[in-house]
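One structure below.
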Ligand code: FES
């Protein structure tokens, strides 16, 4: 996803659907977690989200995804 794409998405309202640092959609991550339950720590270790190699911006969304099954978010958490 490019910065231009992010701006275009935000002009129609915010939609957060992925870990940008590791190019991993919450939809794909949810499917992987349905196949085998994973903790936040396991997700971070296996996919990189929230690790020291990334920004960690996605972590509140992943926590909410695990709790509710949501994969698209329209607010900053
Ligand atoms: S957006 Fe997931 S680590 Fe940066």
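Judged by the mean number of other Cβ atoms found within 10 Å, the most tightly packed of the peptides 35-41, 50-56 leads the ranking 50-56, 35-41. Residue separation of residue 45 and residue 67 scaled by 0.36 nm, minus their Cα-Cα distance, works out to 6.0 nm of gained length.
Here, each number is a calculation from the coordinates, and none is a lab measurement. This one's a predicted model, so the numbers in the text were calculated from it and none came from an experiment. Neighbour counts run over all protein chains shown; Cβ positions are idealised from the backbone, glycine included.
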